[in-house]
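Note sheet for the following structure.
No value in this document is a laboratory result; all are computed from the given coordinates. Just so you know, these numbers come straight off a predicted model, no measurement behind them. All Cβ positions, glycine included, derive from the backbone under ideal geometry; neighbour counts span all protein chains shown.
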């Protein structure tokens with residue numbers, strides 16, 4: 001499965017950082033200055049999904065004409081505008 005995202009944070013979180021966060025009790029940083037992983041509940045949910053699928057992360061530039069990325073952006077904007 002290929003995951004396209006314009007978020008480097010999400011991509012690196014899934015492909016590089018997730019296993020370290022789990023091993024460190026969902027904390028990030030060095031032992032002396034570690035802090036809780038932000039949005040831990042969402043990362044735990046993603047961890048469960050990643051465990052069920054083999055995922056390849058592909059970064060796409062935001063607002064660069066990628067059709068699916070543009071659609072996701074439009075949906076996200078429409079969703080938050082209802083709360084303004």
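Match the structure shown to one of the listed values (i) 87, 65, 21; (ii) 47, 22, 18; (iii) 42, 34, 22 of Cα extents along the principal axes in Å, computed from it, and give that label. Looking at Cα extents along the principal axes in Å for this model, the match is (iii).
Principal-axis analysis of the Cα atoms of the chain puts helix 40-52 at an angle of about 80° to the longest axis. Once both labels are positioned 7 Å from their Cα atoms along Cα-to-Cβ, the gap between residue 4 and residue 63 label points is 1.9 nm. Per-residue ellipticity at 222 nm, computed for the chain from helices alone with -39500 (n - 2.57) per DSSP H run of at least four residues, works out to -13500 deg cm²/dmol. Between the helical axis of 67-81 and the longest alpha-carbon principal axis of the chain there is an angle of about 80 degrees.
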